[in-house]
Structure formats: C-alpha cells, structure tokens
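Q: Quick one: the structure is below, and I'll ask about it shortly.
None of the figures in this text is laboratory data; all of them are computed from the coordinates on show. Keep in mind that this is a model prediction, so the values were computed, not measured. Quick reminder, even Gly has a Cβ in these numbers, built from the backbone with ideal geometry, and neighbours come from all protein chains shown.
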Amino acid sequence: QTLAPTKWNKRNLSWRVRTFPRDSALGRDTVRALMYYALKVWSDITPLNFHEVAGSAADIQIDFSKADHNDRYPFDGPGGTVAHAFFPGDHHAAGDTHFDDDEAWTFRSSDAHGMDLFAVAVHEFGHALGLSHAAAANSIMRPYYQGPVGDPLRYGLPYEDRVRIWQLYGVRESVSPTVQLHTPEPKEPPLLPESLDNRSSIPPRKDAPHRCSTHFDAVAQIRGEAFFFKGKYFWRLNRDRHLVSLQPAQMHRFWRGLPLHLDSVDAVYERTSDHKIVFFKGDRYWVFKDNNVEEGYPRPISDFSLPPGGVDAAFSWAHNDRTYFFKDQLYWRYDDHMRRMDPGYPAQSPLWRGVPSTLDDAMRWSDGASYFFRGQKYWKVLDGELEAAPGYPQSTARDWLVCGDQQVDGSDTAGTTGADGAHAPPGQHDQSRSEDGYEVCSCTS
Amino acid sequence: APAPRAEDLSLGAEWLSRFGYLPPADPATGQLQTQEELSKAIAAMQQFGGLEATGVLDEATLALMKTPRCSLPDLPASAPARRRR
C-alpha cells in the first residue's frame, strides 16, 4: 500500500454508467452487468452495498472516453494506459472510473485479443474504494493488465486484496469466520450474455412461495402500486391493479440495502409526509428513498414510541392522514407529519367493526378504501367508514393475485360477491390465464 | 545488456516520471536525472513489476513498460523511488 489510504465514510454507494463504449461488441446491458459484478466482488466481502442509479449524482460515475477527457489523465490510444479511477474523497470526481474507449473491450473472449472489461473494472473499482497499486504477483491491484480473470459469477479476490480492503472497511458479517450467519445471496443478479437468449426459460425458483396458497407478511401501497411481501419475495401490482408477473421478485434485489440475512419483513408502508417507504422487522426499521435504503438505518422502533416486540401491520388511513400500527390486539395512532404518537394509545383493536383484531397488514388503495389482510382473506372498509363493507372477507389470492377459484386453497369465500360488486375488481379476470401455461405479464412502463 | 537507445531512455524517463518512480520533470529546468537516480527508479519499477531489480533498462523492463496498464501512478509522486515499502 504505497499511498495514504482514503476511504468512503458511507456504506451505501451508488453507481451509474454515464457513457458506454461507442463501437464495441459489448451491448449496454452487458457493460452494466459487468460493472454490477465487478462491484459485487468488493461488496461480497465488505459491509459495502452498491446500487445502480439513473441520476447524475452517482458516487461512482463510469465513463468510456478517449484521449484527453478533461481530467488531467489523457488516454493514449489503443494499448498503453487503458483505464483509471479516482480515490474516495470530497472532490467531485471521487470514485469516478474511466475506461479508454480506444481499447477493444471484450468479455469471455480468449486472452489473445481485446481487453477483458470485467478484470479491468475489478481493478479500477479497487481504486475507487481506496486501494492503490500493489506489487504482489497475483494481486488484482497490480498496475499491469494480466488478461481475463475468469467467470464473473465465480471470481473471488486474491487474499492480498481481501486483506487490504478489509483494513479499510472491515469484513462483511456473512464472510466473517466468527459469525455463523446463513446469508444466502440474492440469486438472480443481472444476466450475462450467454444466458440472455434463454432468459425466458428460467424455471420458477424452488423456494419461492406460491401466491395462491399463502398469506402475506406485509402488504403496502407504494407510489400507487400494491406490493405483497412473503419471505424474501414480493409480488407487485401496478396502479390498475394488474399483477406485474406471476413469479415473485427477490426483495433484496429491488429494495437495496436490506441486510441479506433478513428472511422476511413484518410490515411496510409509505409515509405520506415525504413518500419514503418504511420497512419493519422485529424491533428495527429501515427508511427507503425510492428503492434505496437511507444512510443510518436500521434504527429502533422506539423512534415511533413503539414498545419492543415489533409490529404486525402499519398503514396510513386516508381519512385522517394518521398512521396506524398494529400488534396483537392493540393498535397505535401516529402523526407522521409531527413525528409523534398521538396521546392515549395503544387502544384495543379493532377500530373498524367487522375487521379482525389481529392483522397481517393493511393498506389504503387508490379507490380511497382501506384493505385489511389476514391469512388468505381481506376486508374492505370504504373511505370514512368505521365498518367493513358487507360481503367481506373475500379471497386475497383471487381478487388481487390472479388466482382461479380452484387454485385458492381452503377459501370459504369463493364465489361470493361483495355488496359493492367488487368480487373480481376491474381489470382482473376470474380465470387466471396462466392455466394454459403462459406467463401473465403486463408492462408497467 | 546492450546499451539502451536514446529514444528508449527518453521513453523510460518519461514513463518512470509518469508512474511515480521519478519526480515529475520540472518544465522550467527540464531537470535532468542523474544516472544514479535513473538507475534507482528503474530498480524500483522492476521490483514493483516483479522483475529482477538490476537498475538497467533492459529488454524485459522495456517490454513491461509497453504492457497495457492502469493510468494511476504506482508510487505517490511525492515519494522518492528509494522509499522502503
């Protein structure tokens, strides 16, 4: 280590490929996937988390440039210098990483020709995190290009480089020999070229729950869309209440910054005061801006003046813009704008007649009504009412998750229709089209 | 080893300066390097690059200088090549 080490003081770092190689055989998706994996090499073993963003405020801006590109380190055409990166720090270029666009960037090609983009990116991100060049023979931080380093999905840093990055940031819990934590990796990071063409044949994940025969840990309306959480997965419905996909998505891959060992969440809601999203698990909570966790979380739920023990459900009632927390037979009313609990709580559940006193979760929906979920059923309370609408409960699987009656396990509410005729909400179809084996997907953007 | 050609020496000195083995050439005085300083810088670069530290600009050293690499210096500009790591 020949330079005084500089390092990031924060653990969640954003990145973005701002400019792509112009006439390269590598497509943009491949370049982004390689950047993802090259960063993942470092985040796998340290407490760092990387997430891709679209805006220009990314911590690590990645550019492919030629010759003089206004940073005092001009490139020199093919060969010679091929890339560089700026160390962490307060200056605006800190962390930025530049690749020489005069090089023939390759991926999974033989040693002979081209410059392996993944290998060079791992090296440069070492600089972007604070490492300088190393003389050690097989260190990735040797200054000279040494050819491809193998499959990005299986690459692991040489020991010398691990020790040096641990000296800067410490060890990620899951890799520390002393902490026995089962931390399965989110298994579906961005795809790499070979598998791109058979992407559609990915079999549904073995351990994924089935949406038609489960109850949910948490349900939330976020930015007008409905999210149903179960274990480490979630289903998403767009504003028209269309299920985006029958297959659940991996919670950790979308909600960036949740600890990998978190195997489920207790409750989720969108804060009406600033539209940030709050996740609860046990006595801790996380606040997300968009789908990235904010710095400084998790924090204790005592911030809400809630007692230890966690919450079962949380939602903001449109009628009075208060946030309600539920635990066992009790509920609290919280003012998110003033950030304080209203006096006189907890109170005995339920506040809404006809709604069960213990809940899995609750949410407000764009129709102004509130929905309460428990087991495989849900109750609807019309806006401003204090009583469940007649004809409820109904089957959550059938009315929200596109399950046919025969798929819905043990539901005793099949075939009844709510007084408001909302048995099969608009846009849903009784008969799930997935019967004939096709994916039922809708594009949300 | 055959004596290096003038252009190799000039390439070598510029390269050594660029990657932190020699102090940046002073634009005003053109700061010529003494043979001894040049030799120390070459030895430091050879050692960092895994070559035998002969201090002589031989073929292997010139070849390594032509290998594609990262633009960042190997040593901080302020650290003289002779600093013991």
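Q: When the Cα atoms of segment A:218-280 are enclosed in a convex hull and the volume is divided per residue, what value in Å³ results?
A: Value for segment A:218-280: 78 Å³ per residue.
Q: Also, quick follow-up: How large is log10 of I(q)/I(0) for segment A:325-401 at q = 0.12, 0.17, 0.28 Å⁻¹ when the intensity is taken from the Debye formula with one equal scatterer per alpha-carbon?
A: For segment A:325-401 at q = 0.12, 0.17, 0.28 Å⁻¹, log10 I(q)/I(0) is -0.35, -0.69, -1.39.
Q: Roughly what would the spin-label model give for residue A:56 and residue A:73, points 7 Å off Cα along C-beta, in nm?
A: 2.2 nm
Q: Using a 10 Å cut-off around each Cβ, can you sort A:157, A:401 from fewest to most neighbouring Cβ atoms?
A: A:157, A:401
Q: Net charge near residue A:300: determine it from the other residues with C-beta under 10 Å of the C-beta of residue A:300, scoring Lys and Arg +1 and Asp and Glu -1.
A: Here the count lands on 0.
Q: Given R₀ = 45 Å, what would the calculated FRET efficiency be for residue A:253 paired with residue A:347, taking r from the Cβ atoms and rounding to 0.05?
A: 0.70
Q: Let me ask you something else. Tell me which trypsin sites (Lys or Arg not before Pro) from segment A:322-353 have a DSSP coil assignment and no more than 14 other beta carbons within 10 Å of their own.
A: For trypsin sites (Lys or Arg not before Pro) across segment A:322-353 that sit outside H, G, I, E and B with at most 14 neighbouring Cβ atoms in 10 Å, the list reads A:339.
Q: In nm, to one decimal, how far is the modelled label at residue A:166 from the one at residue A:337, with both set 7 Å along Cα→Cβ?
A: 5.2 nm
Q: Sticking with this structure for a sec: Once the piece of chain linking residue A:7 and residue A:302 is laid out straight, how much longer is it, given 0.36 nm per residue of separation minus the C-alpha distance between them?
A: Computed gain between residue A:7 and residue A:302 is 103.0 nm.
Q: What Kirkwood radius, in Å to one decimal, follows from the Cα pairs of segment A:1-148?
A: After inverting the mean inverse Cα-Cα distance, the result is 15.5 Å.
Q: What lysines does residue B:40 reach when the alpha-carbon gap must be under 25 Å and sequence neighbours fewer than 8 apart in one chain are set aside?
A: B:66
Q: Let me ask another. Averaging over all projection directions, find the projected area of the Cα convex hull of segment A:251-398 and quote it in nm² with one decimal place.
A: Mean projected area of the Cα convex hull: 9.0 nm².
Q: Given points 7 Å out from each Cα along the Cα-Cβ axis, report the residue A:153 to residue B:36 separation in nanometres with one decimal.
A: 5.9 nm
Q: Could you tell me what % of all Cα pairs in segment A:1-67 have separations over 15 Å?
A: Of all Cα-Cα pairs in segment A:1-67, 60 percent lie more than 15 Å apart.
Q: Can you sort B:58, A:68 from fewest to most other Cβ atoms within 10 Å of each residue's own Cβ?
A: A:68, B:58
Q: Need the full-extension length gain, residue A:273 to residue A:382, defined as separation in residues times 0.36 nm minus the C-alpha distance. One decimal, nm.
A: 37.0 nm
Q: Given a Förster radius of 22 Å and the C-beta distance between residue A:240 and residue A:210 as r, what FRET efficiency does 1/(1 + (r/R0)^6) yield to the nearest 0.05?
A: 0.40
Q: Around residue A:239, what is the net charge, scoring Lys/Arg as +1 and Asp/Glu as -1 over all other residues with Cβ under 12 Å from its Cβ?
A: In short, 0.
Q: List the residues, sorted by chain then number, that are 5 or more residues from residue A:313 or on another chain and whose placed amide H is less than 5 Å from its amide H.
A: Close amide H contacts, sequence-distant or interchain: A:326.
Q: May I pose another question? From other protein chains only, count the Cβ atoms within 10 Å of every residue's Cβ in B:59-70, then give the mean.
A: 5
Q: Rounded to the nearest 0.05, what FRET efficiency do residue A:366 and residue A:28 have when you use their Cβ-Cβ distance and R0 = 35 Å?
A: Here the calculated transfer efficiency is 0.55.
Q: Which lysines, on any chain, are close to residue A:10 with Cα under 27 Å apart, when same-chain ones fewer than 8 places away are left out?
A: Cross-link targets: A:40, A:187, A:232, A:276, A:281, A:289.
Q: Using the Cβ atoms and a cut-off under 11 Å, what net charge is assigned to the surroundings of residue B:18, where Lys and Arg are +1 and Asp and Glu are -1?
A: Residues close to residue B:18 contribute a combined charge of -2.
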